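Please read the structure below before turning to the comments.
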Amino acid sequence: MTDHAEFLESALLREAGFRHAFFTRNGGVSVGAYRSLSFSVAAGDSPDNVSQNLQRAARALGVESSRIHFLSQVHGRQVHLLNGDEAQSELIHVEGDALVSRAPDLACGVRSADCVPVLLADRRSGAVAAVHAGWRGAVNGVVSQAIQALRGIAPNAQLIAAIGPHISGPAFEVSEDVAGLLLGASRDPNVVDRSAQKPHIDLRRMLRAELCSQGVEHPAIDDVWGCTVLEPARFFSFRRDGKASGRHLSAIVPRL
């Protein structure tokens, strides 16, 4: 077992000087359904395992483990601004799906197991955001809310974005009702694939269109690829394995 947390990076964010990571399921201490780099006690993993995994993530990000922040995610659009003096133990009980900050030596993070992690950064100010966008968050415009919050603390922001691994279109079968909701909210009319018996949704395409609508366009958007459902060796998946499965961490550190 390696003692290094495995993660994927966005070349775009890295080249702009932002420490960040889309962690896979590998390189942690958790066992069983949570093997091995899981970050959620609520999903059933032990507090001690999650604490050790956070320490490994902290080494990769270059911050203290107590300074990796994430919220109690509720598939909504609430964004929270971090000023740097928040306690990790308190934030975990605060409901929301995006964190924004320009405070030094902390990481804005989100946890996921099929939903889309989106990391945003401002080249000019160094401010960042981490967004948790499942299909409900996509419908609710959580990415746009995070961008507006970023621009609130960095009015002349030059934003870049990375869309991380999540449930891919071929794996994301939905009901007609859900397909209708997503199609109605999407700025891209081609997010629904009806070539199979039931509709399938391309959340990456939908969120890319939302980013573009907010002025974050190619080449300022990077895709970090991976399907959480179809790649069990690399990723956890709620859809594939049910509630008793791990949760990934995706996080980004403000740049001074």
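Rounded to the nearest 500, the helix-only mean residue ellipticity at 222 nm of the chain stands at -7000 deg cm²/dmol, with each DSSP H run of n ≥ 4 adding -39,500 (n - 2.57).
With a 10 Å Cβ neighbour count serving as the proxy for reagent exposure, in which order, fewest first, do D85, D241, D202, D3 appear? In increasing order of surrounding Cβ atoms, one gets D85, D3, D241, D202.
Loop-located trypsin sites (Lys or Arg not before Pro) in region 194-256 (DSSP state other than H, G, I, E, B) with a sparse environment of at most 15 neighbouring Cβ atoms within 10 Å: R194, K243. Going from the fewest other Cβ atoms within 10 Å to the most, the residues H93, H132 appear in the order H93, H132. Label positions at R14 and D188, each projected 7 Å from the Cα along the C-beta direction, are separated by 2.4 nm. Counting other Cβ atoms within 10 Å as a rough exposure proxy, the listed residues C108, C115, C212 run C212, C115, C108 from fewest neighbours to most. One decimal place: the segment E90-S175 gains 26.9 nm when fully extended, by the rule 0.36 nm per residue minus the C-alpha distance. Enumerate by residue number the chymotrypsin sites (Phe, Trp or Tyr not before Pro) in region 162-256 meeting two conditions: DSSP loop (anything except H, G, I, E, B), and at most 15 other Cβ atoms within 10 Å of the site's Cβ. Answer by residue number: W225. Taking 7 Å steps out from each Cα toward its Cβ at D223 and A196 produces label points 1.8 nm apart. Relative contact order of the chain: 25 percent, from C-alpha pairs under 8 Å at least 6 residues apart in sequence. 3J(HN,Hα) along region 172-182, derived from phi through the Karplus expression 6.51 cos²θ - 1.76 cosθ + 1.60 where θ = phi - 60°, amounts to 9, 7, 9, 6, 4, 5, 5, 4, x, 5, 5 Hz, with x in place of Gly and Pro. A Stokes-Einstein calculation at 25 °C with viscosity 0.890 mPa s, built on the Kirkwood radius of region 7-244 over Cα pairs, returns a diffusion coefficient of 137 µm²/s. The length gained by stretching the chain between A244 and T2 to full extension, at 0.36 nm per residue less their Cα-Cα distance, is 84.8 nm. For region 118-201, the alpha carbon positions stretch 48, 22, 18 Å along the principal axes, listed from largest to smallest. When +1 charges are put on Lys and Arg Cβ atoms and -1 charges on Asp and Glu Cβ atoms, the dipole computed for the chain relative to its Cα centre reaches about 200 debye. Dipole orientation for region 137-212: of the candidates L183, A209, I153, I153 has the Cα lying most toward the positive pole (charges on Cβ; Lys, Arg +1; Asp, Glu -1).
Bear in mind these aren't lab numbers, they're just calculated from the coordinates by the rules spelled out. As the structure is a prediction and not an experimental result, all values here were calculated from the model. So basically every Cβ, Gly included, is an ideal-geometry build from the backbone, and we count neighbours across all protein chains shown.
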